[in-house]
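S.K.: Please read through the structure below; I'll follow up with questions.
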Amino acid sequence: MAQAAAAGPQELAVVGPAGPQRDALVETALRHGKAGLALAVGNGVVGAVEVPLLADRQAAHDGGVLAYLCRSMVCGLPVSDPGDLQRLLTEP
């Protein structure tokens, strides 16, 4: 618990078209995110964003969905696989 508090809150931006892939990433976040996880979901269209966490976050070039896990608005590399997202969410 102290490590999580020291690391700061998790922020997750999930961007891409609605559908099973996006739903799977959101479900993973809800099941495995730490308490206080801030979650924003969008379609990944640049310029159509009013939520700061989604700003400058894009869907994959092939139209797939990407999840960006961040702390203090600094994000790591995006992932598209729910298993990869689960590992990121549960790391100390």
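S.K.: Can you tell me which residue in the range 46-92 is surrounded by the most Cβ atoms within 10 Å (Cβ to Cβ), limited to those that are free of Cβ contacts under 8 Å to residues at least 12 places away in the same chain and on the phi > 0 side of the Ramachandran plot?
M.R.: Asp56
S.K.: Do we find that Gln21 is over 11 Å from the mean Cα position of the chain (by Cα) and outside any loop (DSSP other than H, G, I, E, B) in this structure? Show your work before the answer.
M.R.: Numbers: over 11 Å from the mean Cα position of the chain (by Cα): yes; outside any loop (DSSP other than H, G, I, E, B): yes.
Judged against the criteria, Gln21 is a match.
S.K.: Could I ask something else about it? Residues that are among the charged types (D, E, K, R), over 22 Å from Ala18 (Cβ atoms), more than 10 Å from the chain's Cα centre (by Cα) and at pLDDT below 95: does the range 71-82 have at least one? Break it down stepwise before answering.
M.R.: So in the range 71-82, the residues among the charged types (D, E, K, R) come out as 71, 81.
With the extra rule that they be over 22 Å from Ala18 (Cβ atoms), the set shrinks to 71.
If we keep only those that are more than 10 Å from the chain's Cα centre (by Cα) too, we end up with 71.
Right, trim to at pLDDT below 95 and you get 71.
Yes.
S.K.: Please go through the range 41-74 and give me each residue that is hydrophobic (A, V, I, L, M, F, W, C), out of contact with any Asp or Glu (no Cβ under 8 Å at 6 or more places or on another chain) and not in a loop (DSSP other than H, G, I, E, B), ordered by number.
M.R.: Residues satisfying the conditions are Val41, Leu54, Leu66, Ala67, Val74.
The values are calculated or read from the model by the stated rules, or taken from the named source; none is laboratory data. The shown structure was predicted, so the numbers you read here are calculated from the model rather than taken from an experiment. Using ideal geometry, Cβ is built from the backbone for each residue, glycine included, and neighbour counts are taken over all protein chains shown.
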